[in-house]
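The values are calculated or read from the model by the stated rules, or taken from the named source; none is laboratory data. Remember, predicted model here, so these are calculated numbers, not experimental data. So basically every Cβ, Gly included, is an ideal-geometry build from the backbone, and we count neighbours across all protein chains shown. Ligands, DNA and RNA are stripped out before the accessible areas are found, and what is left, the full protein with its side chains, is counted by its heavy atoms. Shrake-Rupley method; radii C 1.70, N 1.55, O 1.52, S 1.80 Å.
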Amino acid sequence: MLCIAGCASARSGVAPARPAGTPAPARESLHVSVVYPGPTDIIQTHDSSFLFGAVHGGAGPASLTVDGTPVPVLATGAWLAWLPLPDDTIAAFRLVARARGDSAVQDVVARIAPRYRPPAGRAAWIDTTSFAPSGTLALPLSEGIRLAVRATPGATVQLRLPWGATIPFLPDTLPGEPAWGVRAFATTTAAYRLPPAADRYVAWLPAAALCSDGKSACATLDVVVGRDSATARWPLTIGLVDMTFPSVVVLNDDTAHTGTTDSMTPGKSVPGGTYNWFFPTGTTAVLSGRWNDQMRLQLSKSSAVWVNAADVIELPAGTPPPGGVVGSVRLQPGPASVTLRVPLPGKLPFQVTEQERSLTLRLYGVASDINWMQYGGTDSLVTRMSYAQPAADEVTITVELARRVWGYRTRFDGRDLLLEVRRPPEIDPDRPLRGRTIVLDPGHPPAGAKGPTGLWEPVATLAVAYNAKALLERAGATVLLTRTDSTPVELFPRTHFAEVHDADVLVSIHANALPDGVNPFVNNGTSVYYFHPRSAPLARALERALVAELGLRDLGMGRGDYALVRPTWMPAALTEGLFIMVPEQEAMLLNEEGRGRYARGLVRGIENFLRERAREP
Ligand SMILES: [Zn+2]
């Protein structure tokens, strides 16, 4: 399961089969358990939802109805239902199980996330849960911000500012957006096209200090329909960022080694967005904006990046912004890697981008004075180095390689930035696994999805990992597991483990679950995720092999922003071989034969990837 939020079965507990302390009867009496939704789950959709659980006990095969509609029950007892939801915040379902003259009734009350309801008897209304953005914002004076709100269709909508100006709102004519889960998982694209919502309005607000104490001199939204009107304070505070006396910050991901997802501070193009930069502790930059718990750093005149405010420490006022020139660079060949040493005027922000046979290091806030590019002897891996100055304050250095990229890593050594490029392993094309170090990562705990009978994802992934380990070892590989028992292991220690053991390949093993609102009967199957370009062939080889072994629908491979595929030191992929919430697929994970199939898919995928790389010219 790799849901970021709203993932159904991850939150659920299994309803106990019988009260604690009750002795087990000779044969369990017939009863129904519901895994999802559990007592604390709140369904985050309003059309239809899935329910799943199992029928236990009784004699002979069982049948089940939910509100009178038959729901198939697997031999394992597992069942899965897709049901319409009432227009309410609770939904009640009656489950009736029958088995050879016996019957059991279970009433389930599910909670549904509330949604805004226009007040009765009013023509003018404002959905006060829809203000975007809200909270605390800081921007330079030259910028502005897009506002969006829901209100009565066909109304006159404007924002009144404390100094008397008004900002008009226009109807948002763009089609609506489906829930993220639909985009991530649904196999039909029809659900992507929602009609424009007549109640959505947008506007542009130029940056100006607003509502600084959160109470006085705030912006007010007016909605007028005929003679009716509605008014609400926009819950937004705006501060101004002075770029002429810039505020300089240093990044300090001080929690990096205690279990967060990466060892570096990730940078994002949008607040809270996907990771696109990775900054070592000590990187300095200029602050240029803030939105709630996200801070924007100006890397150069044309590049800005959002980071978590918790990772940012402001330096004393008057600290000059980092910058200067990049001097002569030098390559240092080593037995397992070759290192590019770049002298810098400070710990400047940078980004490494990977192409098939080259790595480009982009340095922000600097001009080049790269008089020398010293190769330090003839190295078989690096064919050429070059540099460019794509902007007045950005420098790129490109290292071209004789082989496809296997891995790399970066660190500061004083003021020097080191880019260490890994030498690809020597692979025997006839026995590609011989001598290789493979790190397998049994996904979870913490967290993990649950299947209808209560099978927990971490139990299944560990069993599959042990199965694959035995097969890989038989083929000559050294196999290390990031977890060997049920003790929870956070994400960063797992990727760190793979790096310190110089894994040739890292594969994280999972079983999938859907977010609320996606129909599991038409959206399920096998998928594999990767992050860096070098890992795409690994993901593709795993996807093909898993589809062949498991015989499920091919949902394809995808680039996914997951911690376990972000390490740069080796190719890495995350497999979602099947959906643990689907009864037939949970059943596969419950027996040795099915676990063996998942494991064989992993082994064959890794082997095919290595063979392909061994034959690379
Ligand atoms: Zn998972």
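A few points about this structure:
- Long hydrophobic helices in the chain: the complete DSSP H runs spanning 18 Å or more by Cα along their own axis with mean Kyte-Doolittle hydropathy of at least 0.0 are 457-474, 536-550.
- Count, lysine Cα pairs under 26 Å in the chain, 8 or more residues apart or across chains: 4
- Treating each Cα of region 156-198 as one equal point scatterer and applying the Debye formula with no solvent, the log10 of I(q)/I(0) at q = 0.21, 0.28 Å⁻¹ comes out as -0.71, -0.94.
- If both residues of a DSSP beta bridge must be in region 470-617, then about 20% of such bridges are antiparallel.
- Centroid-to-centroid separation of region 565-617 and region 486-539 [C-alpha atoms, Å]: 9 Å
- Approximate spin-label separation N252-A548, in nm, with each point projected 7 Å along Cα-to-Cβ: 5.3 nm
- For region 516-615, taking the reciprocal of the average inverse distance between every pair of different Cα atoms yields a Kirkwood hydrodynamic radius of 13.9 Å.
- Against the compact-protein benchmark of 2.2 N^0.38 Å, the Cα-based radius of gyration of the chain scales to 1.11.
- In this structure the amide hydrogen of A132, modeled in the peptide plane, comes within under 5 Å of the amide hydrogens of A148, none closer than 5 places in sequence on its chain.
- In this structure H56 has an accessible area near 50 Å², from a 1.4 Å probe over the protein heavy atoms.
- 3J(HN,Hα) from dihedral phi, region 337-344, Karplus parametrisation 6.51/-1.76/1.60, rounded to Hz, x for glycine, proline: 7, 10, 10, 8, 9, 10, x, 10
- Over the chain, dividing the summed -39,500 (n - 2.57) contributions of all DSSP H runs of at least 4 residues by the number of residues returns a 222 nm mean residue ellipticity of -4000 deg cm²/dmol.
- DSSP beta bridge pairing in the chain, given as percent antiparallel to the nearest 5: 80 percent
- Average Cα contact separation per residue, region 501-584, under 8 Å, 6 or more apart, as relative contact order %: 49 percent
- Cβ-placed point charges (K, R +1; D, E -1), dipole of region 430-570 about Cα centre in debye, nearest 20: 280 debye
- The equivalent ellipsoid that matches the C-alpha gyration tensor of region 324-422 spans semi-axes of 21, 14, 13 angstrom, in descending order.
- Karplus 3J(HN,Hα) series, Hz, for region 400-413 with 6.51 cos²θ - 1.76 cosθ + 1.60 (x for Gly, Pro): 8, 10, 6, 10, 5, 4, 9, x, 7, 7, 10, 7, 8, 10
- Assigned charges on the beta-carbon of Lys, Arg, Asp, Glu; region 35-121 dipole about Cα centre (debye): 60 debye
- 16 Å cut-off, amide nitrogen to a point 7 angstrom out along A309 Cα→Cβ, residues in region 206-226: 210-215
- Size-normalised alpha-carbon gyration radius of region 54-130, reference 2.2 N^0.38 Å: 1.63
- Equivalent ellipsoid of region 171-320: semi-axes from √(5λ) of the C-alpha gyration tensor, largest first, are 34, 26, 13 Å.
- Computed across region 135-239, the Kirkwood radius stands at 15.5 Å (inverse of mean 1/r, all Cα pairs).
- In Å, descending, principal axis extents of the Cα set of region 41-92: 38, 21, 13
- In the context of the full protein assembly, F521 retains an accessible surface of approximately 110 Å², using a probe radius of 1.4 Å and ignoring ligands and nucleic acids.
- Farthest toward the positive end of the dipole of region 135-239, out of G181, L139, A151, is the Cα of G181, where the dipole comes from beta carbon charges about the Cα centre.
- As a length-normalised measure over Cα pairs under 8 Å and 6 or more apart, the relative contact order of the chain settles at 12 percent.
- For region 437-614, the relative contact order comes to 29 percent (Cα pairs under 8 Å, sequence separation of at least 6).
- Y364 accessible area, assembled protein chains, probe 1.4 Å, Å²: 10 Å²
- Evaluated with a Cβ-only charge set (Lys, Arg +1; Asp, Glu -1), the chain carries a dipole of roughly 480 debye about its Cα centre, given to the nearest 20.
- Across the accessible surface of region 247-314, with the other protein chains kept in place and a 1.4 Å probe, carbon and sulfur atoms take up 55 percent.
- Separation of region 156-190 and region 438-464, taken as the distance between their Cα centroids, equals 39 angstrom.
- For A132 and R115, the difference between the fully extended length at 0.36 nm per residue and the C-alpha to C-alpha distance is 4.5 nm.
- Region 448-595 - Rg over Rh from alpha carbon coordinates, Kirkwood radius: 0.94
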